[in-house]
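Chemist: This is the structure I have questions about; it appears just below.
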Amino acid sequence: LMRKVLFLSPLDNIAVCLSDIAAGEMISQEGREVTAIEHIPRGHKISIRGILKSEGVIKYGERMGHATTDIPVGAHVHTHNVLGDRLSTEQV
């Protein structure tokens, strides 16, 4: 069975897609389940928990940025809805 996503840390609220994920595709892996609510390209991230606007986006167990809008479970997580902490001048 080919892995579809890479879970990097149990603290993360995102996973990295190892292949293109189609909208509506259910991923059941490592005892976790998430259904993509939109197309997510390979190498991009999928939310595995809901992330509220201004909440930290966690990858490798560390905050990499914050959500610029609410991000539901199964959504594409990328520059359209995340601002990286290194680039941010926005107060949160």
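Chemist: Counting only residues that are part of a loop (DSSP other than H, G, I, E, B) and open to solvent by less than 40 Å² (accessible area, probe 1.4 Å), how many does the stretch 42-58 have?
Modeler: 1
Chemist: Turning to a different aspect of this structure: Would you mind finding the one in GLY50, GLY74, GLY65 that is in contact with a Leu (Cβ under 8 Å, 6 or more places away or on another chain) and free of Cβ contacts under 8 Å to residues at least 60 places away in the same chain?
Modeler: Going through GLY50, GLY74, GLY65 in turn, the sole match is GLY65.
Chemist: Could you tell me which of the residues ALA15, ALA23 is among the small types (Gly, Ala, Ser) and part of a strand (DSSP E or B)?
Modeler: ALA15
Chemist: Can I ask one more? Could you list all residues from the stretch 22-34 that are over 19 Å from SER9 (Cα atoms) and either open to solvent by less than 70 Å² (accessible area, probe 1.4 Å) or in contact (Cβ under 8 Å) with a residue 24 or more places away in the chain (or both)?
Modeler: Within the stretch 22-34, ALA22, ALA23, GLY24, GLU25 qualify.
Chemist: When you go through (1) open to solvent by 40 Å² or more (accessible area, probe 1.4 Å); (2) within 19 Å of MET64 (Cβ to Cβ); (3) of a type in the set (D, E, K, R) one by one for GLU38, which number turns out not to apply?
Modeler: (2)
Chemist: Still on this structure: In this structure, does SER19 turn out to be within 11 Å of VAL77 (Cβ to Cβ), open to solvent by less than 60 Å² (accessible area, probe 1.4 Å), modelled with pLDDT of 95 or more and small (Gly, Ala, Ser)?
Modeler: No.
Chemist: If you check THR68, THR79, which single one turns out to be open to solvent by 90 Å² or more (accessible area, probe 1.4 Å) and β-branched (Val, Ile, Thr)?
Modeler: THR79
The values are calculated or read from the model by the stated rules, or taken from the named source; none is laboratory data. None of these values were measured; they are calculated from a predicted model. Note that we place each Cβ from the backbone using ideal geometry, even for glycine, and neighbour counts take in every protein chain shown. Heads up: the accessible areas ignore ligands, DNA and RNA and are worked out on the full protein's heavy atoms, side chains in. Shrake-Rupley method; radii C 1.70, N 1.55, O 1.52, S 1.80 Å.
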